[in-house]
Every structure is written in structure tokens, then in C-alpha cells.
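Before any comments, here is the structure.
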Amino acid sequence: ERPQPVGRPLTAAGLVAELRQVAADPVAPAVLREAACRRLARLASPQGGVPRLAAAADPDRWWGLAPLSDDGPLVRGEETVRISPSRVESYDTCALRWLLEGAVGVAGTTGPAQVLGTLVHALAELGSGPAALPEPALVARLDEVLPELDLGAPWALVRRRAEAVEQLGKFLRWAAAQTRELVGTELTLEVPFGDRAVLAGRVDRLERDPAGRGVVVDLKTGSSKPGKTELGRHPQLGVYQLAIALGAFADSHALTTPGGAALLQLKGTKQADEQRQGALGDDADPSWARALVARVVEGMSGSTFAATVNDNCRSCKVRASCPAQPEGQGVVR
């Protein structure tokens, strides 16, 4: 049988929704639209309206009809634009998503995968450097913490533990085989960029290669993985390298020349997969990362933020506020 259209819910809210739809429908007969408007006006009236429906019936409260409260830039005058390497990548992928998640803070809840990733990062830090704990001690730390975390049902907790132990083991084997010198872990990054911006954030690992150049390694515990063709101009890695070139670690660790950067993938492979980006100085256009950051600084401090449809839309947590997605069609600004 053919699917049959479902009528509106037989509720007061459903009635208001149908009246609003008809009133705003440009192809509906004029007499029908006028009738819908009259009924909405009656529902919203302070004298004879229905208090609990007044807000929904009042056009002044409808999305898209109210004027902009402020059309000025997000960052004004002499205010400083603070950007992190990961946020540069986020903005470059979709400016609207960056605005809603990064600037407004509509990022949703932290799920078990994010909690597990944070835990693996912490264990990797404890397993690095001269005072590194051995693997059995790290697993013991893991078992101490896991019962305190909300990672779902007992069977899910067992699976999450196995994932964490597996990823930790991959990291430790990778670290033991490294020829680069470990300079530090979880280091603060903060360096001026131009007259009005600051690159700020943290790096998972900072290393020194045999040529004395700085290499940032970013641990990844998720399933997202860039292709080989993307690595050469990967925004986050490029900004890490730019930060070294700008002197972020010049005083603290005497590193002023970037020697590349890498994503260390710990999920989905038998061994840790180091995805390497070559040194900025070896690129055909050594200034590409600087040009990217300059463009992002200008965009982040502007007043308009475009939605960009891409492969990351499937996992976007702000789809309901995006006019480029079916869930966000009610958003017209």
C-alpha cells in the first residue's frame, strides 16, 4: 500500500503549527492565509488569547521574522582573535559549524568515545618521558578510573576497556621505536600572529628530529582519518608547524624551525599509524599555512558565517541549526 499522509497532531500546539504553516505559505490561497492569520492573532491576543499558546502564535517570536539583534562583527575593534590549530581546521571545514560549536558553545554532550579518548591521552602522557610508567602500571591506573566514569552498561564498559588497552599498547610500541627526541607532552602553545590574533592551544607531543627541528605529534583516538592527499595541506598540522616557526617554543625549548607534524592514529589499525606532513620549508608553497591562518582570522572576526556541505555533516551536532540541512530548514538566517 502507498504511504498515507499523516495529519497534524490533535493538540493545541499542533493547531498553532498548522496555522503558522498556512499563514506563511506563499502558494496558499489568500483567503486561507488571511483566515489563518486571524486565528493566530486571536490566540496571541492578551484579551482573548490562550496564554500557553500566545508565544508560539505571535509572529514576533517566529524564527526568521525578527530583525537581526546585531549585525556587527564577532570581534570588534582592537579585540584579540584567539584561535587554536584544531579550530582553524574546524572553521576551514564549515564556518557556521565553527561558530555554533566553538564561539556559541552548542557542542552537545560528551559521549563515551570522547571520554575514552581523553583517558587514552592522559595514559599516553603518563607513559612518556623519563618518568614514564610501565604498561602494567598504566593499565592498573585505567582500571582504577573506569568504574568512576559513565561509559554505559557493564558489557559496554568491558568493550571500552579493551579499546583503551589496545590503543595504549599501540602508542607505547610506537613511542619505543621513535628516533626523534621527546621534548615534552601536553605543552601549552601561545604565540602572537600579526597585530590582532593569537595562536593558542595545547600539543600532545613535541619532539626534536635529528636535524634539530620541531615536530608536533597529535594523538587521534577516533575513527576519522584524512586521506594521503589531504595530509600535505592538513590545516591543523600546518598551524602547529606555523606556531613553531613563529616562536611558540623558541624560549622554552629552543625550537624555531618546523620539521613537519603528524597525526598518530590509534584506532582501526593493527599498529599505530603515523600520518606525516612534510616540513613547511619543503613545501612548494612554504607560506600556505600563514595564508590559511590570515584568512581564518579575518573570517572568525567577521559578521557572516557560511554553511558548507561536506562529509563531516553526517556527524555534525548542530545540524538542526544549519539551513543547508533538512533538519535546519526552519533557520532562514
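The values are calculated or read from the model by the stated rules, or taken from the named source; none is laboratory data. What you see is a predicted model, and the numbers here were worked out from it, not measured in a lab. Reconstructed Cβ throughout: ideal geometry from the backbone, glycine too, with neighbour counts over all protein chains shown. Areas reflect the complete protein model, heavy atoms only, side chains present, ligands, DNA and RNA absent. Shrake-Rupley method; radii C 1.70, N 1.55, O 1.52, S 1.80 Å.
What the table below lists for this structure:
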{"read-out": "15 Å Cα-Cα reach of Lys267 towards aspartates and glutamates, excluding residues that sit fewer than 8 places from it in its own chain", "value": "Glu163, Glu166, Asp218"}
{"read-out": "Hypothetical label at Thr269: residues of region 168-183 whose amide nitrogen lies under 15 Å (7 Å Cα-Cβ projection)", "value": "168-178"}
{"read-out": "Folded to 0 to 90 degrees: helix 112-126 orientation relative to the chain principal axis, Cα", "value": "20"}
{"read-out": "Separation in nanometres of the label points that stand 7 Å from Cα toward Cβ, at Glu18 and Ala156", "value": "3.9"}
{"read-out": "Rg/Rh (Cα only; Kirkwood hydrodynamic radius) as it applies to the chain", "value": "1.09"}
{"read-out": "Overall form of region 175-333 per C-alpha gyration tensor (a/c, 1.5; a/b vs b/c)", "value": "oblate"}
{"read-out": "Selected from Leu146, Leu43, Leu96 as most flexible by GNM, with the chain as the system and alpha-carbon contacts under 10 Å", "value": "Leu43"}
{"read-out": "Prolate/oblate/rounded call for region 137-209, Cα gyration tensor, a/c under 1.5 rounded", "value": "oblate"}
{"read-out": "Lys228, Lys317, Lys220, ranked by accessible area, largest first (probe 1.4 Å)", "value": "Lys228, Lys317, Lys220"}
{"read-out": "Between helix 154-176 and the chain: long-axis angle, C-alpha atoms, 0 to 90°, nearest 10", "value": "40"}
{"read-out": "Förster radius 41 Å - calculated FRET efficiency between Glu186 and Asp70 (Cβ-Cβ, nearest 0.05)", "value": "0.65"}
{"read-out": "Cα coordinate range in region 85-148, projected on the principal axes (Å, largest first)", "value": "44, 28, 14"}
{"read-out": "Considering only the chain, percent of DSSP beta bridges that pair antiparallel, nearest 5", "value": "70"}
{"read-out": "Label-point separation, Ala55 to Cys313 (7 Å along Cα→Cβ), nm", "value": "3.1"}
{"read-out": "Extension reserve of the Ser252-Ala41 stretch, reckoned as 0.36 nm per residue once the Cα distance is removed", "value": "69.3 nm"}
{"read-out": "Two-decimal log10 I(q)/I(0) for region 1-146, as the Debye equation yields it once each C-alpha is a single scatterer, q = 0.11, 0.14, 0.16, 0.20 Å⁻¹", "value": "-0.80, -0.93, -1.02, -1.17"}
{"read-out": "Span from the region 159-211 Cα centroid across to the region 219-274 one, whole angstrom", "value": "8"}
{"read-out": "Accessible area expressed per residue, the chain, with surrounding protein chains retained (probe 1.4 Å, Å²)", "value": "57"}
{"read-out": "Gyration tensor (alpha-carbon) shape descriptor, region 124-246, a/c threshold 1.5", "value": "prolate"}
{"read-out": "Degrees, to the nearest 10: 12-23 long Cα axis against longest axis of the chain", "value": "80"}
